[in-house]
1. Out of the residues in the range B:390-421 that are in contact with a Leu (Cβ under 6 Å, 6 or more places away or on another chain) and small (Gly, Ala, Ser), which is farthest from the other protein chains (Cβ to nearest Cβ)?
2. How about the range B:460-476: which of its residues are touching a residue at least 40 places away in the same chain (Cβ under 8 Å), assigned to a strand (DSSP E or B) and open to solvent by less than 40 Å² (accessible area, probe 1.4 Å)?
3. Output the residues belonging to the range B:310-335 that are in a loop (DSSP other than H, G, I, E, B) and either open to solvent by 40 Å² or more (accessible area, probe 1.4 Å) or under 11 Å from B:ILE373 (Cβ atoms) (or both).
4. Looking only at the range B:382-400, count every residue that is within 25 Å of the chain's Cα centre (by Cα) and within 16 Å of B:ASP317 (Cα to Cα) and tell me the total.
5. Looking at (1) assigned to a helix (DSSP H, G or I); (2) more than 25 Å from B:CYS456 (Cα to Cα), which one does B:VAL220 not meet, given that it meets all the others?
6. Identify, from the list B:ILE407, B:ILE403, the residue that is buried (at least 24 other Cβ atoms within 10 Å of the Cβ), within 18 Å of the chain's Cα centre (by Cα) and in contact (Cβ under 8 Å) with a residue 24 or more places away in the chain.
7. Would you confirm whether or not the range B:477-487 contains a residue that is among the aliphatic types (A, V, I, L, M), away from chain A (no Cβ under 12 Å) and in a strand (DSSP E or B)?
8. Output the residues belonging to the range B:165-196 that are free of Cβ contacts under 8 Å to residues at least 40 places away in the same chain, buried (at least 18 other Cβ atoms within 10 Å of the Cβ) and either of a type in the set (S, T, N, Q) or over 19 Å from B:LEU222 (Cα atoms) (or both).
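The values are calculated or read from the model by the stated rules, or taken from the named source; none is laboratory data. It should be emphasised that the depicted structure is a prediction, and the values quoted were computed from it without experimental measurement. Here the Cβ positions follow ideal geometry from the backbone for every residue, glycine too, while neighbour counts run over all protein chains shown. All accessible areas refer to the heavy atoms of the entire protein, side chains included, with ligands and DNA or RNA removed. Shrake-Rupley method; radii C 1.70, N 1.55, O 1.52, S 1.80 Å.
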Amino acid sequence: MKLLTGNDLKTGFVTWWTGADWSLHIEDAADVGEAGEAILAAEEGARRVNAPYIINGEQTADGPRPAHIKDRIRALGPTVRPDLTLKPADPAAGDWVI
Amino acid sequence: MYKYDEYDHAMVDARVAEFSDQVRRRLAGEITEDQFKPLRLMNGLYLQLHAYMLRVAVPYGTLDSRQMRMLAHIARKYDRDYGHFTTRQNIQYNWIKLEDAPAILEDLASVEMHAIQTSGNCIRNISSDQWAGAAADEITDPRPWAELLRQWSSFHPEFSYLPRKFKIAVIAANEDRAAMRLHDIGIQIVDKDGQHGAAFYVGGGMGRTPMIAPLIKDFVPLDDMLSYAEACLRVYNRYGRRDNIYKARIKILIHELGADEYRRQVEEEFKHVKSLGIDPPKAEFDRIAAQFAPPPLDASAPDAIDRSDPDFAVWVDQNVAAHKVSGHAIVNISLKPIGGIPGDASSAQIDLMADLAEKYSHDELRVTHAQNIVLPHVRKADLYAVWQALDAAGLATPNLDLISDIIACPGLDYCSLANARSIPVAQKIATRFSDLGRQKELGELKLKISGCINACGHHHAGHIGILGVDRKGTENYQLSLGGSGAEDVSLGTITGPGFDEDGVVDAIERVTDKYLAERTEGERFVDTFRRVGMAPFKEAIYG
């Protein structure tokens, strides 16, 4: 599957294309299939998200996940500070990306 | 400490206003990211993995308690309650919102700080010896010269668009605590027949092509220092490569020209530059130097230290250094608790260090390139009180220059350039070697980790260096041995095939075991490595 991601203009936070809008949560990410380039062009024009790009992903039991470790870390936060991830205080959060 | 004059204030305030307007235009969609990116980078604002990252300059690593408290305030109000002290003696915040950037820069300006020239192809923050003004072995305080260079390089119209970034370090002691020869220009203030001058080492650096700076001029009269630096930069700006980012640093130019030819061109340029009157009048330098006057230290203060508390005694032996004034000491605060994140400090810890500086260190602190903090002027009689306060805040780890005092870049946990994580490797190594007796048995051992070839973690200069690489989508770690960023400067040699995260920790243990087996009396790790060479270590690592 293909995922579209970028960083929110105002906050810089990692954001994922849901099929209709952007979400901070990887769980909401949609498979953009072959439409990624067209969405990317339109969203760059809208200027809400910085430097959006298309990545490879995979569907897992927990929902969509990026294929590469860098984007998995982007999706959940630094592995060394699980308290700063989108699931605060989840002790397993830091291991999730490995 | 240097205090801004009206020109400094005007420059910084004007930049804050200018950048605030640029941010407004970006948020309003009036300019694109491509247009905005070079503008934000000029103000130290990067876009990293999780958010914007702001790098704040700490000129030559010196700051006062008011400034330190402001760093804590920014961490608390605008970030996630911590900051990361860097190998360039700066601080970085990892979770900055673009819309907050103007307010942050205003807050910084209110305490005479900024983020200007902490990015971009310009002259970056001038770094220096963290013990400047306090070290028993220095011939003078190098910071007035560093400040002069700061003023000269700030918004320098000719050097705002260099072929690549440019880093300068200034020291004034034979012991190099600033990795001086691994800078684009390393300046050592030296004494020659009772006169002080500047030795210029040019063309050093780490990154993908590490080089040790050759000596270009052994003695430049200090009255000519700025002109000589200007000449060094002009030759680079004229001939440095702009067609290939990987060959754009001055080290490549000097390597290709040869040091002799580069020196000839600099000398020729210097004759012209000197006629331009760049060097400041003595009165101006004296104005700057007066602000670095030594604090009023009482040389008759008691020299004895009550070592009856054994934990305190261990900390004194490892983290406290000799001061040039009797009865005083230099306190090195380790930001490397076992299992912690090298260089990170919470806002509460930053505030505490500011309080201690105000109460016990004549209001001064330093940031070190090894990602620690220094209280430079502490009475020996106050050491116990300082240690108690640090210990209560988790800041009294007695591991300065030991194997767990690890330099590590943010790595793939934060950095968009990184290929592998650095911090978890540092944590695992520190945990493996957590026994202090074992660390002290190993003695001085500088371990440095970078998460990519850009070498922000100085791995080339580590007695043991680790470079994280991406090997077909998996983190892999190359080990190197024998580097040094000190006066015995050298570049590490790669041992062989890399390891996974746990494998590199095991390999380091085999390396240190081999060192203990091979060393002779008084030899540090790096000394043994230089004596016996790579072969026995390679045998120990790979069998």
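1. B:ALA396
2. Those that are touching a residue at least 40 places away in the same chain (Cβ under 8 Å), assigned to a strand (DSSP E or B) and open to solvent by less than 40 Å² (accessible area, probe 1.4 Å): B:ILE464, B:ILE466, B:GLY468, B:VAL469, B:GLU475, B:ASN476.
3. If the condition is that a residue be in a loop (DSSP other than H, G, I, E, B) and either open to solvent by 40 Å² or more (accessible area, probe 1.4 Å) or under 11 Å from B:ILE373 (Cβ atoms) (or both), then B:LYS324, B:SER326, B:SER334, B:LEU335 are the ones that fit.
4. Counting residues in the range B:382-400 that are within 25 Å of the chain's Cα centre (by Cα) and within 16 Å of B:ASP317 (Cα to Cα) gives 10.
5. Result: B:VAL220 fails condition (1) only.
6. Checking each option against the conditions leaves just B:ILE407.
7. yes
8. Within the range B:165-196, B:GLN188 is the sole residue that qualifies.
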